[in-house]
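Encoded as structure tokens, the structure appears first; notes follow it.
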């Protein structure tokens, strides 16, 4: 987020930057949008400043209704290490011929008046049979998700490439364009 929003005249803080960092909120909604809004409202109420939060996950056609908002908590469980999670996922995918998938990200922004806007991005692709690169900590599926039109999996893309094609990058670009306009009117 910092990289994509760096050109804007705003100071981005993360919860740990606050004198009394709030605990992480529980995700209780049944949509990416609902969870993003819930988290943004939670941080807005705790910190008393405009807030940005996101929720994201992957939808795998062959595993319909299994992942989505539950992506990280799915399969091997929420306490699973990256290695355990991805091993479970790849094993589960072995019997599937349909490997189409879509990453989804929704970002919620709440301004100083408590008004909320959301921005969605998605990235279609396929799940590879094996890991094709090292993965980013906390994002093991990035090593076996190949975006449509790319010869590389997410974790093998440069930061610039990823920001251009990823679900989070697309949602962040929408937020950035909105904030640019919003701040110019303030």
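The values are calculated or read from the model by the stated rules, or taken from the named source; none is laboratory data. Keep in mind that this is a model prediction, so the values were computed, not measured. Positions of Cβ are backbone-derived with ideal geometry, glycine not excepted, and every protein chain shown enters the neighbour counts.
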Residue, nearest to the chain's Cα centre (by Cα), within segment 40-49, restricted to residues that are in contact (Cβ under 8 Å) with a residue 60 or more places away in the chain and surrounded by fewer than 21 Cβ atoms within 10 Å (Cβ to Cβ): 41
Output the residue which, of all residues in segment 136-172 that are touching a helix residue (DSSP H, G or I) at 6+ places or on another chain (Cβ under 7 Å) and under 17 Å from residue 8 (Cα atoms), is modelled with the lowest pLDDT. 163
When you check residue 62 against the structure, is it assigned to a strand (DSSP E or B) and either buried (at least 21 other Cβ atoms within 10 Å of the Cβ) or in contact with a helix residue (DSSP H, G or I) (Cβ under 9 Å, 6 or more places away or on another chain) (or both), yes or no? no
What number of residues in segment 5-39 are surrounded by 12 or more Cβ atoms within 10 Å (Cβ to Cβ) and modelled with pLDDT under 80? 3
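Taking the stated definitions as given, is residue 52 surrounded by 12 or more Cβ atoms within 10 Å (Cβ to Cβ), touching a residue at least 12 places away in the same chain (Cβ under 8 Å), within 21 Å of residue 170 (Cβ to Cβ) and in contact with a helix residue (DSSP H, G or I) (Cβ under 9 Å, 6 or more places away or on another chain)? I'd like the intermediate steps shown before the answer.
Details: surrounded by 12 or more Cβ atoms within 10 Å (Cβ to Cβ): yes; touching a residue at least 12 places away in the same chain (Cβ under 8 Å): yes; within 21 Å of residue 170 (Cβ to Cβ): yes; in contact with a helix residue (DSSP H, G or I) (Cβ under 9 Å, 6 or more places away or on another chain): yes.
Against the criterion (surrounded by 12 or more Cβ atoms within 10 Å (Cβ to Cβ), touching a residue at least 12 places away in the same chain (Cβ under 8 Å), within 21 Å of residue 170 (Cβ to Cβ) and in contact with a helix residue (DSSP H, G or I) (Cβ under 9 Å, 6 or more places away or on another chain)), residue 52 qualifies.
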Could you grab the pairs with beta carbons closer than 6 Å, sequence gap of 6+ or different chains, first residue in segment 137-161 and within 13 Å of residue 103 (Cβ to Cβ), second one modelled with pLDDT of 95 or more and assigned to a helix (DSSP H, G or I)? 153/143; 155/143
What number of residues within segment 2-55 satisfy the criterion of being out of contact with any strand residue (DSSP E or B) (no Cβ under 7 Å at 6 or more places or on another chain), under 23 Å from residue 113 (Cβ atoms) and not in a helix (DSSP H, G or I)? 13
